[in-house]
Structures are given as structure tokens and as C-alpha cells.
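What follows is a set of notes on a single structure, which appears directly below.
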Amino acid sequence: MHPFAARLLSAARPSAVLRCAFSEGRLPCLPSLAAMPAVPAGPAAYHSGSVLEHAARVMDAVAGDSLAVWMAFVHDAGKLETPPEILPHHYGHEARGVVLAQAWGKALDLPEAMVACGCMAAREHMKAGRYRLIRPGTRYDLLLAVARHGQAAMAAFWKLADADSKSDVSREALADWARVKAFLDLHSGDGEAAGCADACRLKERLRQQGIRVLMAGHMAVAQG
């Protein structure tokens, strides 16, 4: 692991490590990283300050969990390559962020699984921040996309989501995941002997049933 990454991910205040690297001119050679202080984090209605300020705040909020700090560091990386003519908006920054998270993780010599989690955070964080507003099917797909990276990644990602959105969205998301996981566990052996076409149909049928599990859970909470 690159010394900068080791310091950043283990620091009690990751923002101090990042700011020091900028002020002392000791940044690692990562594509577009040097633009952090100059790029606005977003429209004034949603963000104030630069991408650097936003990343610093979110990293400090999740300090103590190195995976969450890494996700916080890269989640908005795509904003650094937003076309200047559309600033302060950052349409499509999620896809650009996946590419940068991959490049940064490789340059910092991070484990492949950790790099993959950074890419997932860049790709999915906007959906997480809007979790209460997105459709049940999108919620279901998001929960599975995060869960595929393991329990530690799930915990780290929802910490990031809370810090990024300044909310407790993780509470609802993790409750939803508990219901979905219980459903999926009951059907874990379904389709093991099925052919490709049958397996695809079964997967979609399970997805639709899982979405209904989510919706039923929300109705029960609302009525309770």
C-alpha cells in the first residue's frame, strides 16, 4: 500500500492528511486529484465549497473505518473530470468516478477487493443518498449491488451514505436488507439444476418477489 493511502485510511482525521499533502505539494500521482480544491462540489442548493472540502468532511465523519474512508475519498472523484461548461452540476459523475476509483486504487497499490468497493461507492452513492425517494425495484437492485461486496463493505457503504447525505438513510436501508436477505436465504437453493434460460427466468421471478417483500415491509412500518 502506498504510504499516502496508509496514512489517509488510518488517520483519526483523514482530512488533515489530505490537506497536508496539498499544502506541502506531496500529493500522490493520481489522475485529476490536483483539481480537488478548484472544482465546486455541486450547486449551492446541495453543496458548499469544493470537492476537497466535501471529501474532507465525509472522510472525517467515517474515520476509524478504513474501507469507509477509502469510499469517502473516491465517491465523488468523477466530479474532478466534469466538463467545465456544465459546472457546478456534475451530470454523469458516477461513471467517471468508477474509472478514477479504479485508477487511484491501482496507483495506491490497494487490494483488489478494496478497489472494487471504491468503484461501487462511486457508482452507487447517489442512489443511496436518495434511498427514500427511489423506486422499490431500484432499492432492491442497490441493496444487492452493495451486498455482493460482503458485510464489511455493506457497513462501510451505508456509513458513507449517511455522512454524504447528512441523514440516517442507513437505518431504513439496512432494515430493508434484513428483510430481503431473509427472503433470499429461504430460496438460496432454487434453480441449482436449471438450465440457463430457466435460471434467468427464476432470477427475475425472485427479483420481483423480493421487491414485493420490500414493499410489504414498508407498508407494515407505515401502518405500525
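No lab work stands behind these numbers, since they all come straight from the coordinates. A quick note: this is a predicted structure, and the numbers were derived from the prediction, not measured. Methodologically, a virtual Cβ is constructed for each residue, glycine included, from the backbone with ideal geometry; neighbour enumeration extends over all protein chains shown.
Remark on segment 1-134: ratio of C-alpha radius of gyration to 2.2 N^0.38 Å is 0.97.
Note on the chain: GNM, Cα springs under 10 Å; of C200, C20, C117, the largest mean-square fluctuation is that of C200. Taking amide hydrogens as placed 1.01 Å from N in the peptide plane, the amide H of S50 sits under 5 Å from those of A41, each at least 5 positions away in sequence or on another chain. Karplus-derived 3J(HN,Hα) values for segment 30-42, using 6.51 cos²θ - 1.76 cosθ + 1.60 with θ = phi - 60°, are 10, x, 6, 4, 4, 7, 3, x, 9, 8, x, 5, x Hz; glycine and proline are entered as x. Legend: P(r) of the chain from all alpha carbon pair distances, 5 Å bins from 0, whole percents, reading 1, 7, 13, 18, 17, 14, 11, 8, 6, 4, 1, 0, 0.
Could you tell me the distance between the Cα centroids of segment 20-89 and segment 93-110, to the nearest Å? Rounded to whole Å, the Cα centres lie 13 Å apart. The lysines within cross-link reach of K181, meaning a Cα-to-Cα straight distance under 17 Å and a gap of 8 or more places when in the same chain, are K203. This model, with +1 at the C-beta of Lys and Arg and -1 at the C-beta of Asp and Glu, gives the chain a dipole about its Cα centre of some 320 debye. Ranked by the mean number of other Cβ atoms within 10 Å of their residues, highest first, the peptides 21-30, 60-69, 178-187, 145-154 come out as 60-69, 145-154, 178-187, 21-30.
Each principal axis of segment 87-147 carries a Cα extent, and these read 37, 33, 12 Å when sorted largest first. Here K79 is the anchor, and the lysines within straight C-alpha reach of less than 20 Å, apart from those fewer than 8 places off in the same chain, are K106, K127, K166. Entry note, the chain: the mean residue ellipticity at 222 nm calculated from DSSP H runs of n ≥ 4, each adding -39500 (n - 2.57), is -21000 deg cm²/dmol after division by the residues and rounding to the nearest 500.
For the chain, set up a GNM with springs between Cα atoms under 10 Å and report which of A12, A122, A161 has the largest fluctuation. The residue that fluctuates most here is A12. Projecting the Cα atoms of A6, S48, G25 onto the dipole axis of the chain, where Lys and Arg carry +1 and Asp and Glu carry -1 at the beta carbon, places S48 farthest toward the positive end. Putting +1 on Lys and Arg Cβ atoms and -1 on Asp and Glu Cβ atoms, find which of A101, H125, S167 reaches farthest to the positive end of the dipole of segment 3-223. Selected residue: S167.
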